[in-house]
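Please read the structure below before turning to the comments.
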Amino acid sequence: MELTRLIIKGGVISPGELREVVNMAMDQGLDSISFGSRQDIIFPKGFKSMDKNALGKHHFVYPDQKSGNNIVSSYVSTDIFRNTNWLTGNKFLYILELFKEQPKLKVNINDPKQQLVPLFTGHLNFIASEHEDYWYLYIRLPKWERMEVYPVLIYSWDIAKFYYEIERITAEESIGIDLIFTLVSEALDTNNRTIDKPLNIPFYPFPYYEGMNRMGIDQYWLGLYWRNNLYNLDFLKEMCDLCLDCKIGKICITPWKSFIIKGIPKDRKLEWEKFLGKRGINVRHSLLELNWHLPVAMEWALNLKTFLVRTLDQFDISTYGLTFGLSEYNRDGHYFTSIVVEKNELPPALESIKIRDTYNVLFAKNFDPNTREYIVHSQDIDKLELPTILIELSRKYFDELGNSIPETIENQQKKEKPQLDVYQCQECLTLYKPEYGDESQGIPKGILFTDLGENYCCSLCEAPKSNFRILEIAEN
């Protein structure tokens, strides 16, 4: 797909910066832009490369470039949805500012208590813990088969430092989590904290994120959504001017191809409503329409969504709390919606023959995409059969709602492999895992920590065996 992306770090852009982007697009004769699933801005085919002097600090990734991944963050959710008490919008901005160079890997920085922004769609996923300024880190590098938890909590002001070191040491070869931990520990002086309990991610229904909504006592937030993901440039330009006039500092892009404006003063609410009304902007879409994730600029997906939404609406089906995704067949299965409709690949031998597309339908375990475990419900289904299947799954969701016990990522991994006691050095946080042993001291794989001699010491800091404590997290 020949599309140009503009990286918007953390999905946060100022009205002035967005206005500059709009002017750039207008100068090239465009009339609209789109938003991507990683909170970036998408330009259509034919967008021309810009002169470096004209770009300023804007970071474009053109179709022939592979480098440049956006940082996804749940800054957009702060102050308007559930959030971890210590995690403020300013804290997000400070952390994002620490990323001076464009990441080559996908990075997610999120609050686990919100549902709008997916937690585990990055290569490195930083997730806030209950301890102020400390984060879990879940890693799934491109060639890894499954996600692994980093063995310590990361300090807020070390997040960027951690990322760049991991990017550096994994650039040329694929290495495991334990070696990453050892190399990072040797290279960086950081303020880590021991993991005292597994990450628990509560399940909440997917929020309604459109329209004018109260924010605190004297402010409002506004969510705007275009069903075709083509945002008119004239509208955006006028909207940026209104934001500046209202002294609104940030505009937030969501992963659902929409955006949110926070901090509209109470005494300017009527002015905003008149602005939207004169422009004919609809802010009354049903949740059934809003909770879909589609690939950018794929007409088949937009057409299929339109068909499914209209059909479900005719049957008056409730989908509150559910999210849906449309995708071409994805061998990796990296999704972040409750229910996924996959479009099957057409065999090359049949490409010249007009045959109907077929689809697979999957749903997340407990209908919670954060479990990252998908169950195949139906395969090779015709388009006309899809509404019936989605209705069936919607009813299943409501039948089971509240009956399931939330599972941590660690508990899921315990089922995959038997638990072996993991011990951690309290001085430098190095792990001893029986499945790896300790090659540096000639200890083979399979030797339990309790079977080691009393003269055993930490291979990194040489602390005695008595300094190790059992770590109550899942075996990786």
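Determine the alpha carbon to alpha carbon distance for each of 106/161; 237/343; 100/250 and list only those over 26 Å.
In this structure, 237/343 lie more than 26 Å apart at Cα.
Pick the calculated mean projected area of the Cα convex hull in nm² for this structure from (1) 25.8; (2) 20.0; (3) 23.8?
(1)
Taking the Cα atoms only, what angle lies between the long axis of helix 15-27 and the longest principal axis of the chain, rounded to 10 degrees?
Long axis of 15-27 versus the principal axis of the chain: about 60 degrees.
For residue 355 and residue 378 in the same chain, what is the full-extension length gain: residue separation times 0.36 nm, less their Cα-Cα distance, in nm?
Working it through step by step, the gained length comes to 6.3 nm.
Calculate the FRET efficiency for residue 145 and residue 275 from the Cβ-Cβ distance with a Förster distance of 60 Å, rounded to the nearest 0.05.
My answer for the efficiency is 0.75.
If Lys and Arg each add +1 and Asp and Glu each add -1, what is the summed charge of the other residues whose beta carbon sits under 11 Å from the beta carbon of residue 122?
Neighbourhood net charge equals +3.
Under 9 Å from the Cβ of residue 11, count the other residues' Cβ atoms, weight Lys and Arg +1, Asp and Glu -1, and hand me the total.
+1
Stretch residue 130-residue 204 to full length: gain in nm at 0.36 nm per residue minus the Cα-Cα span?
24.9 nm
Would you grab the residues whose amide H sits under 5 Å from the one on residue 443? Only those 5+ places off in sequence or on another chain, please, with H modelled 1.01 Å from N.
Under 5 Å from the amide H of residue 443 lie the amide H atoms of 438, each far enough along the sequence or on another chain.
Between residue 317 and residue 345, what is the FRET efficiency for a Förster distance of 45 Å, r being their Cβ-Cβ separation, to the nearest 0.05?
0.95
Please work out how much accessible surface residue 193 shows to a 1.4 Å probe, ignoring ligands, DNA and RNA, in Å² rounded to 10.
90
Relative to the longest principal axis of the C-alpha atoms of the chain, give the angle of the C-alpha long axis of helix 269-278, reported between 0 and 90° and rounded to the nearest 10°.
60
In nm, give the distance between the simple-model label positions of residue 282 and residue 385, each being 7 Å from the Cα along the Cα-to-Cβ direction.
3.1
Under a 1.4 angstrom probe, counting protein chains only, how are 170, 4, 306 ranked by accessible area, largest first?
306, 170, 4
Between residue 189 and residue 334, what is the spin-label point distance in nm, taking each point 7 Å from the Cα along the Cα→C-beta axis?
If labels sit at residue 189 and residue 334, their model points lie 3.5 nm apart.
State the percentage of accessible surface on the stretch 289-400 attributable to carbon and sulfur atoms; use a 1.4 Å probe and exclude ligands, DNA and RNA.
48
Is the shape of the stretch 108-187 rounded, prolate or oblate, going by the alpha carbon gyration tensor and its root eigenvalues a ≥ b ≥ c, with a/c under 1.5 for rounded and a/b larger than b/c for prolate?
It comes out oblate by the Cα gyration axes.
Which ³J(HN,Hα) values in Hz, rounded to whole numbers, follow from the phi angles of the stretch 387-395 under the Karplus curve 6.51 cos²θ - 1.76 cosθ + 1.60, where θ = phi - 60° and Gly and Pro get x?
x, 4, 5, 5, 5, 4, 5, 4, 5
Rounded to the nearest 10 degrees, what's the angle between the helix 299-314 long axis and the longest principal axis of the chain, both from Cα atoms, 0 to 90?
That helix lies at roughly 80 degrees to the long axis.
Taking the Cβ of residue 47 as the center, what net charge do the other residues with Cβ under 13 Å away carry, scoring Lys and Arg +1 and Asp and Glu -1?
Neighbourhood net charge equals -1.
By per-residue mean of other Cβ atoms within 10 Å, what is the highest-first order of 70-82, 14-26?
70-82, 14-26
What nm distance separates the two modelled labels at residue 168 and residue 219, each placed 7 Å from Cα along Cα→Cβ?
Going by the 7 Å Cα→Cβ label model, 3.8 nm.
Ordered by packing density, taken as the mean number of other Cβ atoms within 10 Å over each peptide's residues, highest first, how do 429-435, 171-177 rank?
429-435, 171-177
Taking H as built 1.01 Å from N, whose amide H comes closer than 5 Å to the amide H of residue 206, not counting residues under 5 places away?
321, 322
When the Debye formula is applied to the Cα atoms of the stretch 289-400, each taken as the same point scatterer, what base-10 log of I(q)/I(0) results at q = 0.10, 0.17, 0.22, 0.23 Å⁻¹?
Summing over Cα pairs of the stretch 289-400 leads to -0.28, -0.80, -1.35, -1.47.
Take each of the peptides 450-456, 58-64, 158-164, average the number of other beta-carbon atoms within 10 Å over its residues, and list them starting from the highest.
Descending packing order for the listed peptides: 158-164, 58-64, 450-456.
Apply the Karplus parameterisation 6.51 cos²θ - 1.76 cosθ + 1.60, with θ equal to phi minus 60°, to every residue of the stretch 361-377 and state each ³J(HN,Hα) to the nearest whole Hz, in sequence, with x for glycine and proline.
Residue by residue, the stretch 361-377 yields 10, 10, 9, 6, 4, 6, 6, 10, x, 6, 6, 6, 10, 10, 10, 6, 9 Hz.
The values are calculated or read from the model by the stated rules, or taken from the named source; none is laboratory data. A quick note: this is a predicted structure, and the numbers were derived from the prediction, not measured. Counting neighbours? That spans all protein chains shown, and the Cβs are built from the backbone with ideal geometry, glycine included. All accessible areas refer to the heavy atoms of the entire protein, side chains included, with ligands and DNA or RNA removed. Shrake-Rupley method; radii C 1.70, N 1.55, O 1.52, S 1.80 Å.
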